[in-house]
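Notes follow once the structure below has been shown.
The values are calculated or read from the model by the stated rules, or taken from the named source; none is laboratory data. Nothing here was measured: the structure is a model prediction, and the numbers come from that model. Neighbour counts run over all protein chains shown; Cβ positions are idealised from the backbone, glycine included.
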Amino acid sequence: MESTYKPTGKSNFQFSISVSLTALIALFLTVYLNPNTLQFSNSEEPEGLEETFRTFPGILIGKGVNVRAEPAVDSKVHNKIYQETIVDVRERSEDKAQITIKGIQYSDYWYKVEFIYTQSGKEFLGKGWVYGPFIKEIKNPNVA
């Protein structure tokens, strides 16, 4: 009985790479897409994946918005800023606050803002806390 070798067109090197790549893809799919491999606590979000805050430019969308000393409705009002005032949002409160405004219930953060205002012909830097529904992020601040 005579046996003959017929090449398949693939070298051993090509075969090894194909098998290795296939094994890596299978491992990825097993680990990352299998819901049984993910361990969550009792909360809905995995620990450590909370939304992180970043500063952003914003514009006021409320008419005559109170700027407060602290992130609370009963905090002293430092200033009042008006619709379309540009603000620099610097911080966010740790927790959301539930506030009813004109009969509508909101659940949002308080944001610490800085802004320029004019008084008696002089410009001043204002700072304080504004409730979230009154601020809209400016997505492209460099576009006029």
Q: Name the one entry in Ser93, Ser107, Ser120 that is of a type in the set (Gly, Ala, Ser) and surrounded by 14 or more Cβ atoms within 10 Å (Cβ to Cβ).
A: Ser93
Q | Scan of the stretch 116-132 for residues that are more than 13 Å from Asn66 (Cβ to Cβ) and part of a strand (DSSP E or B), ordered by number | A | Ile116, Tyr117, Thr118, Gln119, Lys122, Glu123, Phe124, Leu125, Lys127
Q | Single match in Val67, Val77, Val87 (criterion: under 18 Å from Phe53 (Cα atoms), β-branched (Val, Ile, Thr) and modelled with pLDDT of 95 or more) | A | Val87
Q: Run Leu38 past the list (1) modelled with pLDDT of 60 or more; (2) more than 30 Å from Thr118 (Cβ to Cβ) and report the number of the one that doesn't hold.
A: (1)
Q | Residue check, Phe53 over 30 Å from Ile135 (Cα atoms) and either among the aromatic types (Phe, Trp, Tyr) or modelled with pLDDT of 85 or more (or both) | A | no
**Q.** Condition met for Val31 (among the hydrophobic types (A, V, I, L, M, F, W, C) and either under 24 Å from the mean Cα position of the chain (by Cα) or modelled with pLDDT of 95 or more (or both))
**A.** no
